[in-house]
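**Q** Below: one structure in structure tokens.
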Amino acid sequence: MNYYEINNKDYRVSFKQAVLQGIGIKGGLFVPETIPTMPKEFFHTAKLPNYKEMAFTILSKFIEDEINENDLWGIIDNVFNFNTTVVKIANNIFVTELFNGPTLAFKDYGARFTAAVTEYFNLLENKKIFILVATSGDTGSAVAQAFYNKQGVDVVVLYPKGKISELQEKQITTLGGNIKALEVEGTFDDCQSLVKKAFNDKTITNYIKLSSANSINIARLLPQTIYYFYSYFSLNVSDLVFVVPSGNLGNLTAGLIANKMGIPVNKFIAAVNENKVIEAYMKTGIYEPQKSIQTLANAMDVGNPSNFARIMEMYNNNYNTVKEKINSASVSDNEILSAIKFVYENYNYILDPHGAVGYKAVEKLGLIEKNNYILLETAHPIKFYDTVESVINKKIIVPERLKESLNKEKNTTTIDNNYNTFKEYLLSLVEGN
Ligand SMILES: *Cc1c(COP(=O)(O)O)cnc(C)c1O
């Protein structure tokens, strides 16, 4: 299977190249040439398929012979080594819990798979690769954990000093080894611009092999299709509506791919916070990027969602077709708080702020009796304990795997917000090897 660059369709690359390169030569995103469909027999199964076996069958369609069966199985066995759980919270409302991975957020699915295939492909290349990630918190921790101890790969995570949560900082700075944490005296945008400058600096790129593991990488997207299949098989009901708390729309795009591969879905709900570019698009057909606004569901504070281009490409840039498939609603911070409280008091279930955006979006669009809603819960509520505990008036139990990183020592390098400092740092890493 080849992948092409949106808006530059003649540029076609293998899966391997799409993963290692991340983005096309004109800055466009890669999409698969075709979306494979699963055979009818795949859906005629009496029992719930094994998650890893299903992942293998689905991902093979996108990778074909670029990774041999044994190796792909090894990768999958390792990547999906935590459970995906589907629970019922009310009559026709279900929750697929995507927070059972090491950093307690759904980004673990994409980041772990990206790390595994990057390591796999790069080992054949025999040159160390440096992954640069600028983060406002969640992506950095998922990527750091995912790449930890991967061979031939170093990760440099840049985060704004004092502007990420203590927990996120611990998850980034306590690993050590091939994970280098850089605390930047500046904002998230400063971190991002340092990374961009490095990618555009020939005196760096001629010398060091750089890559990124951000959400535009196709390897982040594909493994996210699997839990849609898993949710579908777990419930075995019709009239499905997937509710997707959305920021960069990667999760939603994965769902749309799963739908094209054969899962019957009535509708997808793109649930957003006050960053409502996609809601406006669904209403008007006009796409207008905005500056991002800070909210309680901060992993979705995105003003110009990168995967919008992929969605439009999948539906031939046809507004009416997109509108048939996707509905969207935006939710305020106050509504997030009241939804967390309501769901806890009525259904005895603790949502995190992102999941709460999803729940409230359903309510705002009007809950339809015949539908079965599957809400993707993208983060564990403990990650946002101060917000959540204040409305439910109760302490959330801290999962064991979290206690471990909380007890470890932080190890980070502080740099000023100056490109030359960053450049010297990068070059020193290479000299040190
Ligand atoms: C990243 C993130 C989202 C948004 O996902 P997208 O794929 O960017 O739309 C939602 N919830 C949480 C907890 C996240 O970390």
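**Q** So which of LYS52/LYS394; LYS163/LYS197; LYS128/LYS163; LYS88/LYS364; LYS26/LYS52 end up more than 24 Å apart by C-alpha?
**A** Violating the 24 Å limit, Cα to Cα: LYS52/LYS394; LYS128/LYS163; LYS26/LYS52.
**Q** If you scale each eigenvalue of the Cα gyration tensor by 5 and take the root, what three semi-axes come out for the stretch 1-136, rounded to whole angstrom and sorted largest first?
**A** In descending order the semi-axes read 28, 20, 17 Å.
**Q** Using a cut-off of 18 Å between alpha-carbon atoms, which lysines can reach LYS40, once sequence neighbours fewer than 8 places away in the same chain are excluded?
**A** Result set, ordered by chain and number: LYS61, LYS260.
**Q** Further question on the same structure: Just to check I understand the Karplus step: with θ = phi - 60° and J = 6.51 cos²θ - 1.76 cosθ + 1.60, what whole-Hz values come out for the stretch 5-12, glycine and proline as x?
**A** Going residue by residue, I get 8, 4, 6, 8, 5, 6, 7, 10 Hz, with x marking Gly and Pro.
**Q** Oh, and also: Can you tell me which of SER60, SER330, SER390 moves the most in a GNM of the chain? Springs connect C-alpha atoms under 10 Å apart.
**A** In this elastic network of the chain, the residue with the biggest mean-square fluctuation among SER60, SER330, SER390 is SER390.
**Q** Output the relative contact order of the chain, whole-number percent, from Cα pairs under 8 angstrom with separation of 6+ residues.
**A** Relative contact order here is 18 percent.
**Q** Moving on to the next point. At a threshold of 8 angstrom on Cα-Cα distance, excluding pairs fewer than six apart, so keeping six or more, what relative contact order does the stretch 100-253 reach in percent?
**A** Rounded, it is 25 percent for the stretch 100-253.
**Q** Once you've got the GNM for the chain with C-alpha springs shorter than 10 Å, pick whichever of THR37, THR96, THR253 has the biggest mean-square fluctuation.
**A** THR37
**Q** What's the center-to-center distance, using Cα atoms, between the stretch 251-266 and the stretch 181-221 in Å?
**A** Here the two parts' Cα centres lie 31 Å apart.
**Q** Could you check which residue among TYR159, TYR120, TYR11 shows the biggest mean-square fluctuation in a GNM of the chain with a 10 Å Cα cutoff?
**A** Maximum among the listed residues: TYR11.
**Q** Read phi for every residue in the stretch 222-239 and hand back ³J(HN,Hα) as whole Hz from Karplus 6.51 cos²θ - 1.76 cosθ + 1.60, θ = phi - 60°, with x for Gly and Pro.
**A** 4, x, 6, 6, 5, 6, 5, 4, 4, 4, 4, 5, 5, 8, 6, 10, 9, 6
**Q** Under a cut-off of 20 Å between alpha-carbon atoms, report the lysines in cross-link reach of LYS127, not counting same-chain residues fewer than 8 places apart.
**A** Partners found: LYS16, LYS150, LYS180, LYS202, LYS209, LYS423.
**Q** Something else about it: Output ³J(HN,Hα) for the stretch 189-194: one whole-Hz value per residue in order, computed from phi by the Karplus curve 6.51 cos²θ - 1.76 cosθ + 1.60 with θ = phi - 60°, and x for Gly and Pro.
**A** Computed from phi, the couplings for the stretch 189-194 are 4, 4, 4, 5, 6, 4 Hz.
**Q** Among the listed pairs LYS323/LYS370; LYS161/LYS360; LYS276/LYS325; LYS383/LYS410, which have their C-alpha atoms separated by more than 22 angstrom in this model?
**A** LYS161/LYS360
**Q** Which residues' amide hydrogens lie under 5 Å from the amide hydrogen of GLY186, considering only partners 5 or more residues apart or on another chain, with H built in the peptide plane?
**A** Residues meeting the amide H criterion: LYS161.
**Q** Now for a separate question. List every residue whose amide H lies under 5 Å from the amide H of VAL243, counting only residues 5 or more places away in sequence or on a different chain, with H placed 1.01 Å from N in the peptide plane.
**A** ILE269, ILE374, LEU375, LEU376
Throughout, read-outs are computed from the coordinates displayed, never taken from laboratory work. Since this is a predicted model, take the numbers as computed values, not measurements.
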